[in-house]
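To start, the structure itself, in structure tokens.
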Amino acid sequence: MEVNPMVKPQLSSGLLVAMTTIAGVVLVYVLAVVALSWPPPTGVWISLAVVALAAGFTAWRWSRRIQNRRQWQQFANRQWEYLSRIKGEHEATAEITVLSFEEIQPTGSWATIRWNKFGYVQPGWIENGTFAIWPESVLLIRPDPTQIRVGAPWPPTYYLRSHACLAIAPVLAAT
């Protein structure tokens, strides 16, 4: 299964924090035993090597998570820069957030969308386009003037054509 690139990677997990704590405490204990029983027996050196390997693995996991988080942030910044540039090039645009997909079909998907300017949540039909659309993503669209008119009731379901999707970016902050 492909990972949703629009969701910010989690930096820490309970297991990683527990591994860090346990490795740190045991490493301090083994170093204290080495210092107090100089020259230490062979078993203490083996324990020190095992704990050092565990601490090294834990440090490597932290560095991978930090690197993944940094790469995602760079990706998100590039996407938002592109979205802002496209927004400046077009006259009438709106941002919608895809909250979830209800049903995926060959020609499009039923989704729950939120209009960012109004905070209005409604069902929507999103036609298949040239780029993948994920939950937790913001779409820059050209609103359809036949569906959205000043003074007219809001449509119960918004139909989004693929050519009306101009750009996509991840949600940066929880709303």
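If you go through the stretch 95-118 one residue at a time, do you hit one that is more than 25 Å from the chain's Cα centre (by Cα) and more than 17 Å from Leu83 (Cβ to Cβ)? Yes, because at least one residue in the stretch 95-118 is more than 25 Å from the chain's Cα centre (by Cα) and more than 17 Å from Leu83 (Cβ to Cβ).
When restricted to residues that are open to solvent by 90 Å² or more (accessible area, probe 1.4 Å), among the aliphatic types (A, V, I, L, M) and not in a helix (DSSP H, G or I), the stretch 1-50 contains 2.
Select from the stretch 74-101 the residues that are in a helix (DSSP H, G or I) and in contact (Cβ under 8 Å) with a residue 12 or more places away in the chain and list them in ascending order. Give the steps one after another, and end with the answer.
Just the residues of the stretch 74-101 that are in a helix (DSSP H, G or I), to begin with: 74-89.
Correct list: Phe75, Ala76, Gln79, Trp80, Tyr82, Leu83, Ile86, Lys87.
Taking the criterion of being open to solvent by less than 70 Å² (accessible area, probe 1.4 Å) and within 13 Å of Ser162 (Cα to Cα), the residues of the stretch 125-143 that qualify are Trp125, Ile126, Glu127, Gly129, Phe131, Ala132, Ile133, Leu139, Leu140, Ile141, Pro143. In the stretch 5-19, the residues that are more than 16 Å from Pro170 (Cβ to Cβ) reach residues that are of a type in the set (Val, Ile, Thr) and surrounded by 14 or more Cβ atoms within 10 Å (Cβ to Cβ) with C-beta atoms within less than 6 angstrom, at least six apart or across chains, in these pairs: Met19/Thr58. Within the stretch 92-115, if we keep just the residues that are of a type in the set (S, T, N, Q) and closer than 16 Å to Arg161 by Cα, the residue that is most open to solvent (accessible area, probe 1.4 Å) turns out to be Thr107. Applying the selection to the stretch 144-166, what residues are open to solvent by 40 Å² or more (accessible area, probe 1.4 Å) and over 22 Å from Gln79 (Cβ atoms)? Selection gives Asp144, Pro145, Thr146, Ile148, Arg149, Val150, Gly151, Pro153, Trp154, Pro156, Tyr159. When the criteria are applied in full, Phe118 meets the requirement of being modelled with pLDDT under 90, of a type outside the set (Gly, Ala, Ser) and open to solvent by 50 Å² or more (accessible area, probe 1.4 Å).
Entry remark, the stretch 51-73: residues being open to solvent by 40 Å² or more (accessible area, probe 1.4 Å) and under 25 Å from the mean Cα position of the chain (by Cα) number 15 in total.
This table checks each residue for (1) assigned to a loop (DSSP other than H, G, I, E, B); (2) in contact with a strand residue (DSSP E or B) (Cβ under 8 Å, 6 or more places away or on another chain).
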site: Val138; (1), (2): no, yes
site: Arg149; (1), (2): yes, no
site: Trp154; (1), (2): yes, yes
site: His163; (1), (2): no, no
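The values are calculated or read from the model by the stated rules, or taken from the named source; none is laboratory data. Computed from a prediction, not measured in an experiment: that's the story for all the values here. All Cβ positions, even for glycine, are placed from backbone atoms using ideal geometry, and neighbour counts span all protein chains on display. Calculation scope for accessible area: heavy atoms of the full protein, side chains included, ligands and nucleic acids excluded. Shrake-Rupley method; radii C 1.70, N 1.55, O 1.52, S 1.80 Å.
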